[in-house]
Amino acid sequence: MVRVRILRCGAAEVGLRIEATYRVPCAVAPSRDARTKRCVALPIALELRLVAGLDRLDVAATIDNRARDHRLRLHC
């Protein structure tokens, strides 16, 4: 489930918070060639801010990586 909240909504600035929780394998298998079948929650929150007159979108990410061997990458 994804939740979206409006943090700010004005003529000069808009801000959103997007929250989602993913299920990922909790670790690599002992053989190291697969992941375990057991999963853990991976909560992610993004705060987006757009300001009038600026040529950019500000993004702040908060990730609680509870998986022992899970690597996360952010692509822009």
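No value in this document is a laboratory result; all are computed from the given coordinates. Source: prediction; values computed, not measured. Heads up, the Cβs are rebuilt from the backbone with ideal geometry, glycines too, and the neighbour counts pull from every protein chain shown.
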> Which stretch or stretches of segment 57-73 have amide N atoms under 16 Å from the point lying 7 Å from LEU46's Cα along the Cα→Cβ direction?
Replying inline: 57-64, 72-73
>> What does the net charge come to around ARG23 if you take all other residues with beta carbon closer than 13 Å to its beta carbon, with K and R at +1 and D and E at -1?
In response: +4
> Taking the inverse of the average 1/r across all pairs of different Cα atoms in segment 30-76, what Kirkwood radius in Å do you get?
Replying inline: 13.8 Å
> With a ≥ b ≥ c the root eigenvalues of the C-alpha gyration tensor of segment 1-72, is it rounded (a/c under 1.5), prolate (a/b larger than b/c) or oblate?
Replying inline: prolate
